[in-house]
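Okay, structure first, notes after.
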Amino acid sequence: LEKLPHIVLQKVLTPHDGQATFGRFVDEEERIYLGIANRHPVDILRTLAHELVHFKQYLNGEMYHGAGNTGSPIENEAHAIAGVIMRNFNKAHPEYFNKSAIDINKLSDQPVT
């Protein structure tokens with residue numbers, strides 16, 4: 001990626017189109033939203049990697065209505081690439097598995113951008 005989208009950290013994300021989620025890339029905003037409360041940092045990073053794949057797909061003009069539907073080629077590609085990214089990250093940084101989940105009680109209600 002030559003540039004990054006704006007990334008917003010929130011405690012939790014509201015469901016979108018009836019689908020609960022930990023992350024969302026919004027094309028028209030070029031923004032990634034991540035829900036982080038009570039999640040392990042490696043899990044949050046995996047969601048970020050998935051959404052960054054969607055951002056790259058957007059930049060490549062590959063997104064279309066329904067691209068994020070479960071089982072779509074776009075969604076499956078994001079899962080697969082994020083999985084590879086995280087396996088490489090986890091191999092390089094195994095110490096992150098010793099971290100604790102993000103404590104919701106220590107988080108502000110304000111989004112972090």
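The values are calculated or read from the model by the stated rules, or taken from the named source; none is laboratory data. Here the structure is a predicted model, which is why all the values come from computation and not from measurement. Note: ideal-geometry Cβ built from the backbone for every residue, glycine included; neighbour counts use all protein chains shown. Only protein heavy atoms, including side chains, enter the accessible area calculation; ligands, DNA and RNA are left aside. Shrake-Rupley method; radii C 1.70, N 1.55, O 1.52, S 1.80 Å.
Miscellaneous remarks
- Of the residues making up segment 63-77, just one is among the charged types (D, E, K, R) and under 21 Å from ALA20 (Cβ atoms), namely GLU75.
- Yes/no for ILE81 being part of a helix (DSSP H, G or I), β-branched (Val, Ile, Thr), in contact (Cβ under 8 Å) with a residue 12 or more places away in the chain and open to solvent by 50 Å² or more (accessible area, probe 1.4 Å): yes
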